[in-house]
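Notes follow once the structure below has been shown.
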Amino acid sequence: QVQLVESGGGLVQAGGSLRLSCVASGRTFSGYTMAWFRQAPGKERGFVAAIRWSGGSTFYADSVQGRFTISRDNAKNTVYLQMNSLKPEDTAVYYCAADPIVMRYSSRYEYRSWGQGTQVTVSS
């Protein structure tokens, strides 16, 4: 497993943008699928986006498709989530997740390494 630390959350007005970062440490980043999940109060943790090791394959939840972009810099052991056109319903704690073996990228049970989360609040 790797250790993950997220940053970049904050308070933003609807229509604004934020970029989240997740830095991995502890062992090689090589081969890991990385993902972002989010959890709003009273709701289950849900899939946001995922990216394969090569960066050539990305996946998004329907609710963020076209607004969010996931990317990674393997040299820096970092994955990013660029969030544009933010809406109040995007308000949640955002978690970074990683695993070297992921079959169902949208399932939180596939990921064994998790960060502590970063709060994103979008005001209307």
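The values are calculated or read from the model by the stated rules, or taken from the named source; none is laboratory data. Keep in mind that what you see is a predicted model, and the values were worked out from it rather than measured. Here Cβ is always computed from backbone atoms with ideal geometry, including for glycine, and neighbour counts include all displayed protein chains. Only protein heavy atoms, including side chains, enter the accessible area calculation; ligands, DNA and RNA are left aside. Shrake-Rupley method; radii C 1.70, N 1.55, O 1.52, S 1.80 Å.
If I take every Cα pair under 8 Å that is 6 or more residues apart in the stretch 32-88, average their sequence separation and divide by the length, what percent do I get for the relative contact order? Please report the intermediate quantities before stating the final value.
On the way: 80 pairs, mean separation 13.7, N = 57.
Relative contact order of the stretch 32-88: 24 percent.
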Top mean-square fluctuation among Val79, Val48, Val64, Gaussian network model of the chain, C-alpha springs under 10 Å? Val64
How large are Rg and Dmax for the stretch 80-124 when calculated on the C-alpha trace, in angstrom? 12.7, 39
Relative contact order for the chain: what is it in percent, counting Cα pairs under 8 Å that are at least 6 residues apart? 36
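Assuming a viscosity of 1.567 mPa s and a temperature of 4 °C, what translational diffusion coefficient in µm² per second does Stokes-Einstein assign to the stretch 16-124, Rh being the Kirkwood radius over Cα pairs? List each step's numbers first, then the result.
Details: Rh = 13.9 Å.
Stokes-Einstein gives a translational diffusion coefficient of 93 µm²/s.
Using a 1.4 Å probe, what is the accessible area per residue for the chain, in Å²?
Numbers: 6190 Å² over 124 residues.
Ligands and nucleic acids excluded, the figure is 50 Å² per residue.
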Between the alpha-carbon centers of the stretch 72-124 and the stretch 1-69, tell me the distance in whole angstrom. 2
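Which percent of the accessible area of the chain is formed by carbon and sulfur heavy atoms (probe 1.4 angstrom)? Show your work: numbers first, answer last.
Details: 2920 of 6190 Å².
Its accessible area is 47 percent carbon and sulfur atoms.
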What net charge is computed for the residues neighbouring Lys43, neighbours being all others with C-beta under 14 Å from the C-beta of Lys43, Lys and Arg scored +1, Asp and Glu -1? 0
At what distance in nm do the modelled label points of Gln13 and Ser54 sit from each other, each positioned 7 Å from its Cα along Cα→Cβ? 4.3
With a 10 Å radius around each residue's Cβ, average the other Cβ atoms per peptide and rank 28-34, 39-45, highest first. 28-34, 39-45
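Compactness ratio of the stretch 1-61: Cα Rg over 2.2 N^0.38 Å, N = residue count? Mind dumping the intermediate values first?
Numbers: Rg = 13.5 Å, N = 61, 2.2 N^0.38 = 10.5 Å.
Compared with the compact-globule rule of thumb, the stretch 1-61 sits at 1.28.
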Net charge within 10 Å of Val93 by Cβ-Cβ distance, Lys/Arg positive one each and Asp/Glu negative one each, not counting Val93 itself? +1
